[in-house]
Each structure stands twice: as structure tokens, then as C-alpha cells.
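Inspection log for the structure reproduced underneath, given as C-alpha cells.
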Amino acid sequence: MPAKTAQDLRSQRWFGPPTLRGFSHRSRLKQLGHRHDDFVGKPVVAIVNTWSEINPCHAHLRERAEAVKRGVWQAGGFPVEIPALSITETYFKPSPMLFRNLLAMETEEILRGLPVDGAVLMGGCDKTTPALLMGAASMNLPAIFVPAGPMLRGNWNGQPLGSGTDLLKYWTERCAGTISEEEWNDMEGGIARSPGFCMTMGTAATMTALAEALGMTLPGASSIPAVDSNHVRMAVNCGERIVEMIWQDLKPRDVLTPAAFENAITVDMAIGGSTNAIIHLVALARRCGLSLDLPAFDRISRRTPVLANIRPSGAFLMEDFYYAGGLRALMAQLTDLLHPECLTVNGRTFGQNLAGASVVNRDVIRPRDNPLAATGGTAILHGNLAPNGAVIKTSAATPRLLQHTGPAVVFKDYNDLAARIDRDDLVVDENSVLVLQGAGPLGGPGMPEWGMLPLPSRLLKKGVRDMVRLSDARMSGTAYGTCVLHISPESHVGGPLALVRDGDLISLDAEGRRLDVRLSDAELAARRAEWRRPERKYTRGYMALYSDHVAQAHEGCDFDFLEGIAPTPEPEIH
Ligand code: FES
């Protein structure tokens, strides 16, 4: 039974009344050629589309919105496509993470300020997924997410190339002198061969998988390659389904429950997901009035095996993952660790949606008795260097370095790193610990993905391919190495990372979940007394707003005034 009637529709506040304003609102849709009965009394669906010509990951979303519209029309709704900020990971500087909260705000206000009853959210490139979900959770109108889908496998010389991961791998070889300029240039045209997001298990593939694990997509949606015709049909289905969701009044916060977040964390660990997912899930949970802390990730990580054999942790790519059965098949291996009762946007439970899912290729999606790693891909560290936590992607690290003590080589910011990393007078060897300061939420600002610090060329030429690296930055989900990230509090606000100096001994103990600098409390206090906060970089515009309100990494980097579920009044219509 529908929970709503046509009179209950939110859009009726604009289009229903026989008033001056009602006349005005109706006449302007008639100006666009729509008939009275097309939209009056019909669910109005906002298709919030992050398509842009500067965002290759979303190149197909303009066309895909037409498929969504087809579904909306067929189900008796009225679709309106509304463009939203396209945060392209490749081009948005100084750091796309700065703009996640801007798109989240934009999404919330589009849904609040316009005559819409529900939303189809179209995104996928890293920050767009959490941003759209955060905005939709805050406004809490019925919403369904259309993942952009991964691009096809890269190809160079007959070898599959993975976004980011192989770029970084071959750049390292280029710096070591083992790849020619001609080979390097050749790869440029082969690594990204179609629309769609990065096809390694980077942040985009992780976050769209987690959108599905949270219950915010149709079952199986996140694994479909962007250019597969199944992707078009999935988009049509989303258009159809949102109309039903509006009548049923099924809203994001009905789906985004504590158990749904546990499901998402479990899936994150089992896919060897991007470390960025931790920040985004914490922020999204807070938008739902839930508290999600870092120990929850560690607890779930310890009991969850990594089953997805996808780069950077594994060998394959997202196209292979889809052909192997996709996320549903992977999740079906984990039912004892998941909450099957969670409601999802198709109106069925998470468990019901897994019925019949099976693995086609057990090398790509490993069975429980032969996992890629016995426990989850990410560990949470604490210690005197990270009182509020730090993150390491153990599945993409060098095992022997996960327990390591070495002298610090400190860079005060990224420019300092770039200027000195290859200098002959830098005192560094393979046992050193590279430390980057000034790269956190405020210091970067925006926690740029600088966490996979480059290795000194002279060590690369000696054959060194990994070292322990620490920072308050993030790392691309496509990156790899023994990189400790998200150290909180960050150095810019006086976290202990700011106090580390060259030669200090740093201890990483991933098994013991510790990150420490071997300095006494008295020495740390003395250094803190001398420490001076760096100048703020931005004083105007959105950047000033960001700098005034952004939270630390362990809190999800949201703005303080956007967290929680305090209601914002519906707009008055005069
Ligand atoms: Fe868009 Fe990687 S650049 S997902």
C-alpha cells in the first residue's frame, strides 16, 4: 500500500495551490512544454547529475540521465535533471577533498530549495559518492544512488593496466631508469580507455561498493562497468524505483542504520578498500546522527578476510570483478559477518538481495578458506604520535615493514619534500622513516593524497621499492606501500606529528596497532612549548568557510554545522 497520496507530495506545495504562486510555478513548467498532468500530482524526481566535460569518470552520465528519465516517466513520475558540482579527482586543485562538503551542501540545498519529492544521485569519482549521500542523508528525502561504474581495463603492450596503481608502479620504474621514455609515453594512451571511474579498488570503486553495502543502490549496481549495456538498464531501473520509493516514503535514514554501517565496514575490509572510506563513512554516519569511531573499523577488520583480489592489494581489475560475480557474489561469502535484516532501497532486505549470488571466478573473488589476507585490509593505529588515531592499509603494504623502527627524515610540507627528496645530501637509507607534516585537513588544506611519499631516486636505483612513510595526508585508494595516513590530530593544529625532528626514532607496530616516536613526555612537552602554529593559507570565500569549520580526520572532516540531524525548516512558499 502506498504510504503517500498525490496530495501528500512535497512538490504539491509548489504546483498544487490555486494561488498566484501556484499559477507562477505551473506556468513556468508549461513554458518548458510540459502538460499540467505531467507534473501536478506526480512524484517529481531530481536527477542530481555530476556530469561534466572536465570529468572523464562521469563522461557517460549525461547520456545515462536519459535512461533514468525513461524509468521515471514509465513509473508515472516527473524527472528533472539538475547539474551539481562535478568533483573530478584528476583536475580539482588544490585537493578535491576540499570540495566534498561543498557538493554535500549543494545536494542538500538543491533538494530542500526546489519542488522535488525524491532524488536519483549520479556520481562515482571519488568524493562525489560520499558527498551526494551526505547531502541526501541530511535532507532525508527518498533517494537512490546510481554508481557511475568503473572504466574498462587499461591496456599497454598486451598487459592490463590499472588506474593509479600501475601509473605509480611504472613511474617508480621510470625514476629507477628501467622504463624508457617511449614506453612511458605509450602508456599514456592505454591506461584510461573508456568513460567510468578508476578500475582498481581505489576510492571510487570502494565508495560505490560501500553505497551498495549500505543499501543505497540497487543490488549489484556498483560493479557494472560504465559502458556495459547492463549499466543503462540499471539506470532505467533506478528511475522506476525512485518513484515507488517516493510513494512508499522510503528515506535514506531508514536505510542508513548502525547495522548498515557495520555491513559497509565489513565489505570495506573484504574488498581491501581505500583508506579514504574511513573518513567518508564517519562523516556520513554523523550526518545520520550516528557515531562511528575508528576502533569500530579495527574491530571489524580483525575478523574480516580480504576476498577481492583487486589491485592495489591484489592482481585483477574491476572489470574482472564484475565478470567474477561482482559485489553481490563477494558479499554472499560473508553472510555470517553481515546483517541480513538491513533494509535497502529496493524495499527488500540486504539478505534477500544476496539470494542466488555466486562466485564465477574464485581467483578474483577468493573463497573464505583461501583469502587474499586473513584479516581486513586496514588497521587503526594509536600511540604517542597519533593520540586520536592513524590508518594504514596493511593489505597494500610490505609485510616485513609492518613492524619497523627507524630514524625520521622530516619534511615540513610537500614543497619541502619535492625540493629535497632527491638531493644527494639528504641523510636517508632504506631503514629511514619518511615523515611529511602540513598535509592534514587544515594544513594541506584538504588532506591531499600525498601519503604515498615518493622514495629517493638513489634508493630506487638501488632496488628499494618501499619504506615506512608517515603523514597527516590521505593516500589515493589506488596507491600502495607502507604508508601511515590520517595521523590525528594533524600537525597544523599542533598534533605530535608537528614535533618530530630528523633522527627521532619512529616505531610502527601494525600488529600491536601502535605508532610511536621514542621521545619522553617531557621532551614532547618542551618541543610543544616552542611550536608555533603555521599561517592560515586562505582567508576568503569557500576556503575560509572550510578553514573555520572543518573537523579532524578521525571525525570525518565534515563541517561542524552540517553534522547531526537537527532539522532545517522547509522553505516557506509565498
Ligand atoms: Fe575519477 Fe579516479 S579519477 S575515480
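Taken together, the values in this text are just the output of simple stated rules run on the coordinates, not laboratory data. Quick caveat, the model's predicted, so the values are computed rather than measured. No Cβ is skipped: glycine too gets one built from the backbone with ideal geometry, and neighbour counts run over all protein chains shown.
Count charges around C342 for me, please; just the other residues with Cβ under 11 Å from its Cβ, Lys/Arg as +1, Asp/Glu as -1.
-2
Let a ≥ b ≥ c be the square roots of the eigenvalues of the Cα gyration tensor of the range 51-166; is it rounded (a/c under 1.5), or, if not, prolate (a/b larger than b/c) or oblate?
Oblate, because a/c is 1.5 or more while a/b does not exceed b/c.
Give, as a single signed number, the net charge of other residues whose beta carbon lies under 14 Å from the beta carbon of M216, with Lys and Arg counted +1 and Asp and Glu -1.
+3
Mind listing the phi-derived Karplus ³J(HN,Hα) values for the range 466-475, rounded to whole Hz, using 6.51, -1.76 and 1.60 with θ = phi - 60°, and x for any glycine or proline?
7, 8, 6, 10, 10, 6, 9, 7, 9, 9
Would you mind counting up the charge near H34? Only other residues with Cβ under 15 Å from its Cβ, with Lys and Arg at +1 and Asp and Glu at -1. It would help to have the intermediate numbers written out before the result.
Details: positive: R26, R28, K30, R35, K42, K69; negative: D37, D38, E81.
After counting each charged neighbour, the total is +3.
Which of the cysteines in the chain are isolated, no other cysteine C-beta under 4.7 Å?
Those would be C175, C198, C238, C288, C342, C483, C557, since no other cysteine Cβ in the chain comes under 4.7 Å of theirs.
Per residue of the range 157-171, what does 6.51 cos²θ - 1.76 cosθ + 1.60 with θ = phi - 60° give for ³J(HN,Hα)? Whole Hz please, x for Gly and Pro, Karplus curve as stated.
Per-residue couplings from phi come out as 6, x, 9, x, 10, x, 3, x, 4, 6, 4, 5, 4, 6, 5 Hz.
For the charge dipole of the chain, defined by +1 on Lys and Arg C-beta atoms and -1 on Asp and Glu C-beta atoms about the Cα centroid, which residue among P160, A264, G495 has the Cα displaced farthest towards the positive pole?
Farthest along the dipole direction, towards plus: A264.
How large is the helix-only mean residue ellipticity at 222 nm for the chain, computed as the sum of -39500 (n - 2.57) over DSSP H runs with n ≥ 4, divided by its residue count, in deg cm²/dmol to the nearest 500?
-10000 deg cm²/dmol, from helical runs alone.
Could you list, bin by bin from short to long, the percent of Cα-Cα pairs of the chain in 10 Å steps?
Once binned at 10 Å, the Cα pair distances of the chain give 4, 18, 28, 26, 15, 7, 3, 0.
Name the residue farthest towards the positive end of the dipole of the chain from the options L508, A46, Q403, assuming +1 on Cβ of Lys and Arg, -1 on Cβ of Asp and Glu, about the Cα centre.
The listed residue farthest towards the positive side: A46.
What is the dipole size for the chain, taken about its Cα centre, with +1 at each Lys and Arg Cβ and -1 at each Asp and Glu Cβ, in debye to the nearest 20?
Charge dipole, the chain, about its Cα centre: 780 debye, nearest 20.
What residues have an amide H closer than 5 Å to that of G123, excluding those fewer than 5 places away on the same chain, when H is modeled at 1.01 Å from N in the peptide plane?
Distant-sequence amide H within range of G123: V146, A148.
Quick one: work out the % antiparallel among DSSP beta bridges in the chain, nearest 5.
Bridges in the chain that DSSP calls antiparallel: roughly 45 percent.
Taking θ as phi - 60°, what are the ³J(HN,Hα) couplings along the range 74-91 by the Karplus curve (6.51, -1.76, 1.60), each to the nearest whole Hz, with x for Gly and Pro?
5, 8, x, x, 10, x, 10, 7, 10, x, 9, 3, 9, 7, 8, 4, 6, 10
Relative contact order, percent, of the chain when contacts are C-alpha pairs under 8 Å separated by at least 6 residues?
14 percent
What is the range 37-107's relative contact order, in percent, from Cα pairs under 8 angstrom and six or more apart in sequence?
On the way: 84 pairs, mean separation 26.0, N = 71.
Answer for the range 37-107 is 37 percent.
Check which residues have an amide H placed less than 5 Å from F78's amide H, if you skip close sequence neighbours.
Here the answer is V44, V45, since their amide H atoms fall under 5 Å of that of F78.
Report, by chain and number, residues whose modeled amide H sits under 5 Å from the one on M199, excluding near sequence neighbours (fewer than 5 apart, same chain).
For M199, the qualifying residues are M151, S163.
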